[in-house]
Amino acid sequence: MISTSPIPILDSLVDQTTFDLTQASTSTLTLLNSNGSNVANLNLSDGELLTNGTSRLTNAGALQNITGYSQASGNFAISGAGSFATGTGPVTLNGDTHISNGHLSLTGFAQGGVLYTDASASVAATFGSANQVLHGGTTPTFGAVDLTADVTGILPIATAVHHLIPTMAVSLNEIPAKTSCSAAFQPQVHDLDS
């Protein structure tokens, strides 16, 4: 035991601020409290924790100048508000990413966009307007429904009547008034269910 009270360094003429562990190999300075389950705390009340002359932990408790971080397990949590960002370059996440509370906000995308991944696996958006549907493909697009290309099988009668009758009416209105129709071209009534 060295002392139960602070050890003052009073002599300003002699460099007494360095503990030099002079060993032939790598040495470790250990703070130990061997009294039962008690611990030994390192209290830097007025300074910072430095390695090789560079501050790593400030007096306020902020990590800085950290070139790498590795965590084997456990949670990485921020108890209050904060940001997870880089000064430059992307943030890479390996494995699944879950958002358990709140929502994911993406800047640079207008409201109403449908997100998809492009050829470089980057997220992009496509937009449509009222009465348009989404068409798939390597680059999805919005457009009107094409009754020939987009519909397979039997088109329901109600849908056909809704889309075809206005077209037929326009076509009939475009026939010149002086055109005469022979009996072969007279309107015929057909049973659409047969």
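Read-outs: derived from the displayed coordinates by stated rules, not from any lab. Keep in mind it's a predicted model, so treat the numbers as computed, not measured.
Points worth noting:
- Cα gyration tensor, region 16-135 - rounded (a/c under 1.5), prolate or oblate: prolate
- Added length on full extension, which subtracts the Cα-Cα distance from 0.36 nm per residue, ASP46 to HIS103: 16.4 nm
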